[in-house]
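Down below is the structure, laid out as structure tokens.
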Amino acid sequence: MLGLLLVAVGFVGIFVPLLPTTDFMLLALPCFARSSPRLEAWLLNHPRFGPSLRAWRATGAVPRHAKIAACIGMMAGYGLFWLHVQPGLGFALAVAVGMLASAIWIIRRPVPEDKA
């Protein structure tokens, strides 16, 4: 049930800006690994999500465009956080360090190899 819920939220993310799609599919994949091999195969062979899911499963790879989008999204999110929350210096630095650590982790992930 959790896998189906995650897939449903992922499909909503196709139409709702800033709601990630592939992330929810990545979370659904292990739910289906043991409960429904048919749904797992469907996700892995899906024309839109399959390549990213297979690359993540094989090597933990993240496509370059996804890395750029994630970093831009984090910068925009931090900017909005700074403007609307107007945090104190300590809280602002703590959030900045957390986002910077996340960005570094994403950037250091391998890029999937093209099979051309």
### Task
Would you work out the relative contact order for the chain, in percent, from Cα pairs under 8 angstrom that are 6 or more residues apart?
20
### Message
In whole percent, and with a 1.4 Å probe on the protein chains, what portion of the accessible area of the chain is carbon and sulfur?
### Response
69
### Task
Heavy atoms only, probe 1.4 angstrom, no DNA, RNA or ligands counted: give me F81, F15, F91 ranked by accessible area, highest first.
F15, F91, F81
### Message
Taking only complete DSSP H runs, can you tell me which helices of the chain stretch 15 Å or more along their own long axis by Cα positions and average at least -1.0 on the Kyte-Doolittle scale?
### Response
2-15, 22-35, 64-85, 89-108
### Task
Could you provide, to the nearest whole Å², the per residue accessible area of the chain with probe 1.4 Å?
70
### Query
Where nothing but the Cβ of Lys and Arg (+1) and of Asp and Glu (-1) is charged, how large is the charge dipole of region 39-116 around its Cα centre, in debye to the nearest 20?
160
### Query
Can you pull the three principal axis extents for the Cα set of the chain, in Å, largest first?
50, 34, 24
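The values are calculated or read from the model by the stated rules, or taken from the named source; none is laboratory data. Everything quoted here is computed from the prediction, not taken from an experiment. Don't worry about glycine lacking a Cβ; one is built from the backbone with ideal geometry, like all the others, and counts go over all protein chains shown. Heavy atoms of the whole protein, side chains included, go into the accessibility calculation; ligands, DNA and RNA do not. Shrake-Rupley method; radii C 1.70, N 1.55, O 1.52, S 1.80 Å.
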